[in-house]
Amino acid sequence: MSSLSHGLPGLLAASSLVSNAAIITFAIYIVGVLVLAWLSNRLLQSKSFLSEYFLGSRSLGVWAFALTFAATSSSGGSFIGFPSFVYTHGWIVSLWIGSYMIVPIVSMGLLAKRINQIARRTGAITVPDVLRDRFESPVFGTLATSLIVFFMSFNLIAQFKGGAVILQTLLESVPLFEQARDVTSRIVAQLPFLGSAANDPGYLICLLVFAVVVVVYTAYGGFRAVVWTDVMQGLVMVGGVVIMLPLAIYAAGGLGHVTRQMAQMEPPKLVKLQIELPTPATAAAALPKNQWLRLDSDDGQPPRIFRLADRCTFAAGQTIGRLGTAGLSPDAARRIGAVEVMLTDEQRTRMAPTLAETPAVRIEVLESVEYVAGAGRRGVFVTGPGPSPSSAAGFLPLSLALSFFLMWTFSGAGQPSNMVRLMAFNNTRTLRRAMFTVSIYYTLIYFPLVMIFCCARYVLPGWETQSDRIMPEMAHMTTASIGLPWLAGLLVAAPFAAVMSTMDSFLLMISSAVVRDIYQRNLNPEASERTIKRLTYAVTVAVGLGAMLVAVYPPAYLQDIIVFTGSGLSTSFLAPVILALYWPRFNKQGAIAGMLGGFLAHILLYAIGSWQQGSMAAYEPWGFHPFVVGCIVSTIVALAVTCLTPPPPEDLVRKFFHAEPSR
Amino acid sequence: MSSWSPTSGKDAEAGKSRPAYDPVFLNARRELLVIVVLFVIFCVWSLAVCYFWGYLPAGQELPEVSITLGMPSWVFWGIVAPWLAVDVVAVWFCFIYMANDDLGESHEGEDLAEQVQHLHESEGGQSGNGPSGKGNAR
């Protein structure tokens, strides 16, 4: 298909500007990750296998411990979804993420010393190990294992999909990637068993690359490979942000200037356009996604500015543009999605060269939908609760702000993937330094991201069409503005790093649950180390590849699944683990009831929400997230059942709460 | 540090007095309380400043944005200031307040060894070493 550019100058100006630098950086990065896995495997040969493979022999130092903790907590959302939120809702997102100021102190300090100490006393390698040993209760251990496998399997599949989508988003329109997609498209067309999955060859390539790399380095190198790659990934992330911040502020002419401009901005309108050529197309042609269009006014008003959210195609001999999607009725096919961008006067001046070159097409606005909160109001991007296209209460009403403050802080503490890291540091000196390091690390990452993408709102308007792309676009724009386009490759490596560092941890969690908690502790406690070793490699590979195969048919509600599983795990584990570590009177009946109570409350609230809304959603009583409600239920149930049942055996209390007698 | 062996339930029943609470437990519990207090302080600070200074009542337009260091003033005083304050508090908490504790030796394989021992006992066999090859703790 040819473009219309010969007849309509500037038509392809909006195509992606990301060059092959992104793909080259990605390749270098992958090589680095694999080298680290190889080094880890060499170390594995000289240590106790399970303790080294799943816990790094409890020997993590400050940098390894701090960065693996920080990197595991930062998923792809931190570099794709979060920038998109800032871009779409403005300064209020700083409050949405504000609790990260206290997250390191709470999520590390709350449990670290005690869980590490108890794991050492018993030789526990996994979180279910700790819980089982703490109460000498195989039932509680098995319950914990089951919940980890249940939630983490969903989460792993969603993360695989997320990783593939992010990679695809970042590589979109990169020439090398386009070529690979064409080749794959021809190959998968001959594989009928792929069904609908064959429609998106780009996604399949990205899924395959991501999954194979993560499975190989995780399975081969174990926990230490995951930690070392987390260190590298953590440095890439913070390096990317620290470099990007001054570039973004420089490109925008200062942060104060950006804020004053944002104060004049109004939310965009979501529109459907009919686009018509003045004369029939001589050959098949298209207007790409994100193309700027202008509708001049007859009454002296400034022109209305649009940006396409859909690709608009023109068949040879036709004048009306259509969507490329097959199976649409003629009426539906001519309704092209776009955003009507409300530019400030200064943005119009900046954009003048681009707007002067918009293609000469006739535009009719068929439908125009305003934001439910903030439409037509200036100042909504610099105040709370922030504009929202779907919620009348705005992006972040106060109850939700409190919910997120609680959730980000305590949900992190309740994640088993974080708890296992707390079992792996070598001494409290390391813990103290690492807590401070992570505090500074988060300070350097999260608030600067808010500033960077507020700048993006001013310098790159109109990306509401595809706000998930704002990170790579901003990386390109800022580095091109100082004549260093190669730097964009480094900056866009940050999201790769964030997704991988989360996926590898989850993969190892499931693998350890199957090998250690199910097989070794329940089925065959006397299995030889050789058997355990072989089983560990096999299970890690099998779980990874299994999750990849399921993700070939991507699950819907990706972000919802990630939030559901993350909050579900925290709701189930947080109260029982805190009470197990700090309350001598706590017994196994209370622990089991507390865990089940939190789990069931969380599931019930999601079931009610999904039933009410007809899609995956949480019911939020009084505006509070199921995590908050579930934790309250879990705590009350655990306390009540403990008080109503006999105290724990004396020897267990002595073992875990009293000083070790010297011999 | 010498290795440690848990006291059996029989000893406890025989009226053996409990040793003192573990100092790691006591220090961790004290630190936990401080952490919770810090969370409440910074949560209230941040939410209160942002809500009372930064939320625009429905239907109102912003007269003029108040700016501090390039950002809306409510962001500076409600997010940046407490964030930097937390970092300062983190210096005090991590390097001055938090105790250095001995977390003990790692008893690798002990839980599994105990499990195997119980298994053998329940089968009527003699107790033996676990698969890790390390001796039983008791």
Can residue A:328 be described as away from chain B (no Cβ under 14 Å), part of a loop (DSSP other than H, G, I, E, B) and within 30 Å of residue B:63 (Cβ to Cβ)? no
Within the range B:52-73, restricting to residues that are assigned to a helix (DSSP H, G or I) and closer than 14 Å to residue A:91 by Cβ, the one that is nearest to the other protein chains (Cβ to nearest Cβ) is B:54
The range A:86-101 - residue that is closer than 17 Å to residue A:462 by Cβ and open to solvent by 10 Å² or more (accessible area, probe 1.4 Å) and, of those, nearest to the other protein chains (Cβ to nearest Cβ): A:89
Condition check for residue B:24: in a loop (DSSP other than H, G, I, E, B), crowded, with 18+ Cβ neighbours inside 10 Å and at pLDDT 85 or above: no
When the residues of the range A:352-381 are filtered to those that are among the hydroxyl-bearing types (Ser, Thr, Tyr) and within 19 Å of residue A:272 (Cα to Cα), which remaining residue is nearest to the other protein chains (Cβ to nearest Cβ)? A:371
Give A:480, A:498, A:475, A:494 a once-over and let me know the one that is open to solvent by 20 Å² or more (accessible area, probe 1.4 Å) and either in contact (Cβ under 8 Å) with a residue 24 or more places away in the chain or assigned to a loop (DSSP other than H, G, I, E, B) (or both). A:480
Scan the range A:35-53 for residues that are more than 12 Å from chain B (Cβ to nearest Cβ), open to solvent by 10 Å² or more (accessible area, probe 1.4 Å) and part of a helix (DSSP H, G or I) and report the count. 7
Within the range A:414-429, is there a residue that is open to solvent by 10 Å² or more (accessible area, probe 1.4 Å), assigned to a loop (DSSP other than H, G, I, E, B) and in contact (Cβ under 8 Å) with a residue 12 or more places away in the chain? yes
Please pick out the residue among B:76, B:93 that is within 7 Å of chain A (Cβ to nearest Cβ), at pLDDT 95 or above and surrounded by 13 or more Cβ atoms within 10 Å (Cβ to Cβ). B:93
Working only within the range A:402-434, note down all residues that are over 23 Å from the mean Cα position of the chain (by Cα) and not charged (D, E, K, R). A:423, A:424, A:425, A:426, A:427, A:428, A:430, A:431, A:434
Among the residues of the range A:519-543, what is the count of those that are assigned to a helix (DSSP H, G or I), within 14 Å of chain B (Cβ to nearest Cβ) and open to solvent by 50 Å² or more (accessible area, probe 1.4 Å)? 8
Test each condition in (1) surrounded by 14 or more Cβ atoms within 10 Å (Cβ to Cβ); (2) in a loop (DSSP other than H, G, I, E, B) for residue A:350 and report the one that comes out false. (2)
In the range A:102-135, which residues are part of a loop (DSSP other than H, G, I, E, B) and within 9 Å of chain B (Cβ to nearest Cβ)? A:102, A:110, A:111, A:123, A:124, A:125
In this structure, is residue A:578 surrounded by fewer than 17 Cβ atoms within 10 Å (Cβ to Cβ) and either closer than 21 Å to residue A:402 by Cβ or touching a Cys at 6+ places or on another chain (Cβ under 6 Å) (or both)? no
Given the condition modelled with pLDDT of 85 or more, within 16 Å of the chain's Cα centre (by Cα) and open to solvent by 30 Å² or more (accessible area, probe 1.4 Å), answer yes or no: does some residue in the range A:139-149 qualify? no
For the subset of the range A:122-134 comprising residues that are open to solvent by less than 10 Å² (accessible area, probe 1.4 Å) and not β-branched (Val, Ile, Thr), which member is farthest from residue A:503 (Cα to Cα)? A:134
Against the definition (touching an Asp or Glu at 6+ places or on another chain (Cβ under 8 Å) and closer than 30 Å to residue A:386 by Cβ), how does residue A:72 come out, yes or no? yes
Within the range A:607-622, residues being open to solvent by less than 20 Å² (accessible area, probe 1.4 Å) and either assigned to a helix (DSSP H, G or I) or at pLDDT 95 or above (or both) number 2
Give the residues of the range A:230-267 that are away from chain B (no Cβ under 14 Å) and at pLDDT 95 or above, sorted by residue number. none
Just one of A:273, A:343, A:293 is surrounded by 13 or more Cβ atoms within 10 Å (Cβ to Cβ), in a loop (DSSP other than H, G, I, E, B), more than 29 Å from the chain's Cα centre (by Cα) and modelled with pLDDT of 90 or more; which is it? A:343
Within the range A:59-85, residues being over 20 Å from the mean Cα position of the chain (by Cα) and open to solvent by 10 Å² or more (accessible area, probe 1.4 Å) number 5
Set A:306, A:381: member being outside any strand (DSSP E or B) and crowded, with 17+ Cβ neighbours inside 10 Å: A:381
Output the residues belonging to the range A:382-393 that are in contact (Cβ under 8 Å) with a residue 40 or more places away in the chain and within 10 Å of chain B (Cβ to nearest Cβ). A:382, A:383, A:384, A:385, A:386
Being in contact (Cβ under 8 Å) with a residue 24 or more places away in the chain and outside the structural domain of residue A:493 (by TED's automatic domain parsing) narrows it down to one residue among A:287, A:235, A:247, A:204; which is it? A:287
Hey, residue A:56 closer than 27 Å to residue B:37 by Cβ and either more than 10 Å from every other protein chain (Cβ to nearest Cβ) or in contact with a Cys (Cβ under 8 Å, 6 or more places away or on another chain) (or both) or not: no
When you check residue A:363 against the structure, is it touching a helix residue (DSSP H, G or I) at 6+ places or on another chain (Cβ under 7 Å) and either more than 30 Å from residue B:49 (Cβ to Cβ) or charged (D, E, K, R) (or both), yes or no? no
Residue A:46 passes all but one of the listed conditions (1) over 28 Å from the mean Cα position of the chain (by Cα); (2) within 16 Å of residue B:106 (Cα to Cα); the exception is number (2)
Tell me yes or no: at least one residue of the range A:552-574 is buried (at least 16 other Cβ atoms within 10 Å of the Cβ) and within 14 Å of chain B (Cβ to nearest Cβ). yes
Which of the numbered conditions does residue A:546 fail, given that it passes all the others? Conditions: (1) part of a helix (DSSP H, G or I); (2) closer than 20 Å to residue A:157 by Cα; (3) in contact (Cβ under 8 Å) with a residue 12 or more places away in the chain. (3)
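The values are calculated or read from the model by the stated rules, or taken from the named source; none is laboratory data. Because the structure is a prediction, the values reported are computed rather than measured. A quick note on method: Cβ atoms are made from the backbone with ideal geometry, for glycine too, and the neighbour counts reach across all protein chains shown. Please note that ligands, DNA and RNA were not included when accessible areas were found on the heavy atoms of the full protein model with its side chains. Shrake-Rupley method; radii C 1.70, N 1.55, O 1.52, S 1.80 Å.
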